[in-house]
Structure formats: structure tokens, C-alpha cells
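Data block below; observations after.
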Amino acid sequence: MAEMARESDVSGGGVDIDRLEGEILGAIDGVSAMDALEQIRVAELGKKGRITALTKSLGALDPEARREAGQRYNVLKQAVAHAIATKKETLESVALDAQLLDETVDVTLPIRPEIMGRLHPVSQVTEELIAIFGEMGFRVAEGPDVEDDFNNFSALNIPPEHPARQMQDTFYLQAEKSNMPLVLRTHTSPVQIRTMMSGPPPYRIIAPGRTYRCDYDLTHTPMFHQVEGLLIDRRTHMGHLKGCLTDFVRTFFERDDIPVRFRPSYFPFTEPSAEMDIGCRRTADELIIGEGDDWLEILGCGMVHPNVLRAVGVDPEVWQGFAFGMGIDRIAMLKYGIPDLRTFFEGDLRWSGNYGFGAIDVPTTYGGLSR
Ligand code: DAH
């Protein structure tokens, strides 16, 4: 009792610090909103606050009294600051609980199709490709859109004077540090190079992704999509290539009887090279795949050229295999009857509503590729 009286005495100016502290802590305790708490903080601890003013008034006291009162004010200040911080935490957690309760999502509610996005046919077909080749043991590999000359051309046995390098096809970029020209990759074939340079054979990958060429009409856009395939092992031969790709088109187009043929062709990075056609029938306004006596080119392929293997340090006397490349947009157009490639990239919601796919149906060869 004596102690308390003394403390109150030294507080100066007749202020009863204990009472004041009790009063402030009580007020903090009673607060239930953040702005009211902030008001208390400003009124007590702010620049013009009560406790701040008390601290300032210390100057008028004699040294002994100043020290004692100063200590008491500090204790008061800390008690109030601590009470405010604690209260703030409580209020925040109460607010969070309320918010969580308010924003609870009932995941058991049925889907509202009218507000669901649709999967773009390119994404759908990419998923289908991954499902089909994945089951054959191919993993997905990726490479960047900006490539260097070595990966996009030289390592693929495309000599400097090859027409594919010429300005009208290739988008060239300013070289940054090195002297090696950079390009927007004109095909996904550089992923073959990247894959083989990143580890030892065997390889079995597909590489879907964006590709770029300076071209624009009904069936060409400056950005389009390809998928590359590469399989290198010790005894892989052309029969494997034919079996693999025949299985692929039949699974992809969901018809077991699609006629296929391999026509000799030329690509710098394969020898021998071929193009694969599938049987089709053309009517005045329709293209029917899998029947009729017409042919439709669908992909390029071949046995990987020994020069390509040498360029990445793989011994062509030990390792060999096949590669293929195909346009994803093109096979999407064929499978889903979409006439104009340019519409793929216009971002028209009515178009995606019409040609898009359910976003939660994952294509599998056993559950159905497209429904
Ligand atoms: N890169 C070729 C192109 O863009 C497509 C291609 C053909 C890729 C034959 C291959 C292949 O891997 O073996 O036209």
C-alpha cells in the first residue's frame, strides 16, 4: 500500500499512473473493432497521445523524481503497447475466421457449365498426344522458344545455305553476347539436340511446343505448334518407326482401319526420310478421314542422320533410331473439323465454346481420348 502510494506520488502532476494504466488496459480489452483499437493507440501512444505527453512532462521534474517517473512511464508504455498488439492479433484472427467461414466453397455442388472455361483444341490434342505416346514409353521433353543457330539448324545437319534458314521463313533475333544468331525456333527438332546433349542414350521423348515461321494464310500462322518425337536405341529400325506411327494415328483418330502409307521424302536431319499419309475422302465441303482413295500428308519422319548423332557426341555405330515431327494445330483441325487455323489464336469465346473441350476430362486411351 505504501509502495503504491509512493509510486503514484512520483508520477508527477498528480496523475495516478496505476489508475490510468487500469483504465487504458480496460478500454483496450473492451474494444471489438480494429479502428477503435487504432483510435486508442493514437490517443495514448501517438505523437499527441496521453502517455507521450506524460513522458514529455518529465523534463520539469528534478533528476531523482524524473528517473523514477521515467521508469514507471516506460512500464506503462510497454504494457499498453503490448496489450494493443495482443488485441490486434486477436481481432485479426477473428476477422480471418469470419472471412474463411464466409468464403467457404461447397465442392460438392454440381458444376455450372455456363461459367466453366473450355480447353483449347491445341491443349486438348497435346494432352491426347501425351496420353498416347506416354503409354508407348515416351516422356515429355521441352525446350525454349528462343533457340540458337546450333540447336535449330547446324546440329540438325542443316547447312548454312539451306533454304529453311532464309529470312522469309525464320524470325531472327539480335544476338546478345555471343556472335551466335538467335532465332524463334522454326520447329521442335532442336529439342532432339537438347535431349541428346543432356545425357547418354537411349532416348525416348516427345516434345510438344510453340514454333514460329513468317507465314500467314488459311493453314499458316506465324506462331503454331509442333510435336517432335525421338527414339534412339541400339537396334531401332524403320519397322519400329512405321509401327509406332501407324499405331499412333489409329489411336489418335480413333479408327482402327485407317489406311497409312509412307512416301520417301527429304529432311536434312534424317536418312532415309519419309512423309506419312493417311487415307481420306474429300467431298465438296467435307474431309472424311480413314476411308476413300485419297491421301492426306500428316507428318514427317525418318531415321536420325548419323551427322546429327555425331553433332551431339552419340556414336552412330552403336546408337540409331527414328524421329518425327508433326503439326499439332494441323492434326487438331483434321480431327475436329476446324477449317481456319487463324481462328485458333483470335481468342474468341464463342469459338472456344464451340470447339473447346471440357476442362476436367483428362484424355486417356482407355477412358476415351475425346468425348
Ligand atoms: N522439323 C520438320 C519440320 O518442321 C519436321 C520433321 C520431319 C521432324 C522429319 C522430324 C523428322 O523429326 O524426322 O518441317
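Of the strands (runs of 3 or more DSSP E) that lie entirely inside the stretch 195-282, those containing 3 or more residues that are within 25 Å of Gly143 (Cα to Cα) span 203-212, 223-233, 270-282. Return the pair list, or none, for Cβ contacts closer than 9 Å from residues in the stretch 106-121 that are over 29 Å from Arg330 (Cα atoms) to residues that are among the aliphatic types (A, V, I, L, M), at least 6 apart or on different chains. That search, which allows pairs on different chains as well, returns Ile111/Ile360. When the stretch 110-160 is filtered for residues that are in contact with a Ser or Thr (Cβ under 8 Å, 6 or more places away or on another chain), farther than 23 Å from Phe267 by Cα and among the hydrophobic types (A, V, I, L, M, F, W, C), the ones remaining, listed by number, are Ala131, Ile132. For the criterion of being aliphatic (A, V, I, L, M), surrounded by 22 or more Cβ atoms within 10 Å (Cβ to Cβ) and closer than 20 Å to Gly327 by Cα, Ile132 fails.
Residue-wise test of (1) within 16 Å of the ligand (Cβ to nearest atom); (2) open to solvent by 60 Å² or more (accessible area, probe 1.4 Å); (3) more than 31 Å from the chain's Cα centre (by Cα).
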{"residue": "Leu231", "(1), (2), (3)": "yes, no, no"}
{"residue": "His237", "(1), (2), (3)": "yes, yes, yes"}
{"residue": "Ala274", "(1), (2), (3)": "yes, no, yes"}
{"residue": "Asp285", "(1), (2), (3)": "no, yes, yes"}
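Taken as a whole, the stretch 306-314 holds no residue that is among the small types (Gly, Ala, Ser) and not assigned by TED's automatic domain parsing to the domain that holds Leu218.
Of the candidates Val42, Val80, the single residue that is closer than 26 Å to Gly22 by Cα, at pLDDT 95 or above, open to solvent by 60 Å² or more (accessible area, probe 1.4 Å) and in the same structural domain as Ala27 (by TED's automatic domain parsing) is Val42. Looking only at residues in the stretch 135-163 that are in a helix (DSSP H, G or I) and without any contact (Cβ under 8 Å) to a residue 40 or more places away in the chain, the one that is least open to solvent (accessible area, probe 1.4 Å) is Asn152.
The set of residues from the stretch 215-255 being in contact with an Asp or Glu (Cβ under 6 Å, 6 or more places away or on another chain) and touching a residue at least 12 places away in the same chain (Cβ under 8 Å) comprises Leu218, Phe224, His225. Selection within the stretch 287-308: residues that are touching a Gly at 6+ places or on another chain (Cβ under 9 Å) and under 20 Å from Arg235 (Cβ atoms). The member of this set that is surrounded by the fewest Cβ atoms within 10 Å (Cβ to Cβ) is Met303. Each residue in the stretch 212-228 was checked for being surrounded by 22 or more Cβ atoms within 10 Å (Cβ to Cβ) and in contact with a Leu (Cβ under 8 Å, 6 or more places away or on another chain), and 1 pass.
Restricting to the stretch 287-323, what's the tally of residues that are more than 10 Å from the ligand (Cβ to nearest atom), free of Cβ contacts under 8 Å to residues at least 40 places away in the same chain and of a type in the set (Gly, Ala, Ser)? So the count comes out to 2.
The values are calculated or read from the model by the stated rules, or taken from the named source; none is laboratory data. Because the structure is a prediction, the values reported are computed rather than measured. Cβ sites come from the backbone with ideal geometry, for glycine too, and all protein chains shown count toward neighbours. Just the protein is used for accessible areas: all its heavy atoms, side chains included, with ligands, DNA and RNA removed. Shrake-Rupley method; radii C 1.70, N 1.55, O 1.52, S 1.80 Å.
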